[in-house]
1. Out of SER104, SER61, report the one residue that is in contact (Cβ under 8 Å) with a residue 40 or more places away in the chain, more than 19 Å from ASP148 (Cα to Cα) and of a type in the set (S, T, N, Q).
2. Write out, first by first residue and then by second, each pair whose Cβ atoms fall under 6 Å of each other, whose residues are 6+ apart or on separate chains, and whose first residue, in segment 217-238, is more than 17 Å from GLN202 (Cα to Cα) and within 16 Å of the ligand (Cβ to nearest atom) while the second is in a loop (DSSP other than H, G, I, E, B) and of a type outside the set (Gly, Ala, Ser).
3. Considering only residues that are buried (at least 18 other Cβ atoms within 10 Å of the Cβ), of a type outside the set (Lys, Arg) and away from the ligand (no atom under 16 Å from the Cβ), which ones fall in segment 30-67?
4. Check ALA255 against each of (1) in contact (Cβ under 8 Å) with a residue 60 or more places away in the chain; (2) within 12 Å of the ligand (Cβ to nearest atom); (3) in a helix (DSSP H, G or I); (4) not charged (D, E, K, R) and name the one condition it does not meet.
5. Any idea which of (1) among the charged types (D, E, K, R); (2) within 14 Å of the ligand (Cβ to nearest atom); (3) over 28 Å from ILE239 (Cα atoms) is the one ASP128 doesn't satisfy?
6. Quick check, is SER160 polar (S, T, N, Q) and in contact with a Cys (Cβ under 9 Å, 6 or more places away or on another chain)?
Amino acid sequence: MSTEDFPSSSTQPLHDLHNRWPQAESVDDFRHNLAAVHARIAAACARVGRDPAGVRLLPVSKTKPEASIRLAHAAGCLLLGENKPQEAYRKWENLQDLPDLKWSVIGHLQTNKAKLVARCASEFQALDSLRVAEALERRLQAEGRALDVFVQVNTSGEASKYGLHPDEVADFLRQLPAFSALRVRGLMTLALFSAEGERVRQCFVLLRELRERLRQEAPEGVSLDELSMGMSGDFEIAIEEGATVVRVGQAIFGARATPDSFYWPTADGDAADK
Ligand SMILES: *Cc1c(COP(=O)(O)O)cnc(C)c1O
């Protein structure tokens, strides 16, 4: 497959990505990459007068082997993002010897995988249907657990992206207090994949403005404090627009060989687990 066939977090060919984000192969590499990302977070915050303490960095370990995750953990990463529930669950199971390592599932969930998330995740960032809320609630009750959740919103208007249409979010939030095991923390989005910063920024602005609008009328127990937006290619723009959580994989772990079209449907509709 040509490296230009898929939408990546940047529009560069794969070999450029590998030059830009070399693989982290030691605890020191991870420390160095984490420090560099934190410095960029601080600089973005300074540009808009925000306190960097208000931005949480969520390192994303998808596709990376357990050996890399152990290095990241040794460098201080205690909560890691995974896109696929099965992959999160497998890593959670195999890394039980690191009891302080927690998992955030940030990708689309099918109801038949709710059990995995209810068991292994501390956070779920891609809630976008009542069916999934119901399935999670049932499984969480059975496990005797609660879960922090973010409602995913499609801010790019691309049919290829998961998430609720912005107009559906208010109604959706009104239903959520019925699910006592789901602790709603905020909204999450994936911006348009584009080299045009202004178009990317519009996605983040939309999410922030939606949050401001919905905050006043949010039902009891539903908090909209968090805005999870921004990835390796665009997290500084997201911070300028109010992100409180940035999900950063490649700038910490190194470039991925797997195209992003594996993780969410492309315009051609060929996602791996649709
Ligand atoms: C992979 C992924 C990220 C991180 O992307 P990078 O380009 O590695 O920073 C963020 N959010 C979601 C939902 C992802 O699947």
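1. Details: SER104 fails: more than 19 Å from ASP148 (Cα to Cα).
Result: SER61 is the single residue among SER104, SER61 that is in contact (Cβ under 8 Å) with a residue 40 or more places away in the chain, more than 19 Å from ASP148 (Cα to Cα) and of a type in the set (S, T, N, Q).
2. From segment 217-238, the pairs are GLU226/THR244.
3. CYS45
4. (3)
5. (3)
6. On the way: polar (S, T, N, Q): yes; in contact with a Cys (Cβ under 9 Å, 6 or more places away or on another chain): no.
Criteria not met by SER160.
Per-residue answers, yes or no, for (1) modelled with pLDDT under 95; (2) closer than 24 Å to ALA88 by Cα; (3) among the small types (Gly, Ala, Ser):
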site	(1), (2), (3)
ASP5	yes, no, no
SER9	yes, yes, yes
HIS15	yes, no, no
GLU25	no, yes, no
ALA35	no, no, yes
LEU58	no, yes, no
LYS64	no, yes, no
SER68	no, yes, yes
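Results for (1) small (Gly, Ala, Ser); (2) farther than 26 Å from ARG31 by Cβ, shown as yes or no for each residue.
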site	(1), (2)
VAL48	no, yes
ALA53	yes, no
LYS64	no, no
ASN83	no, no
ASP128	no, yes
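The values are calculated or read from the model by the stated rules, or taken from the named source; none is laboratory data. Please read all numbers here as calculations on a predicted model, not as lab measurements. FYI the Cβ positions are ideal-geometry reconstructions off the backbone, even for glycines, and counts take in every protein chain you see.
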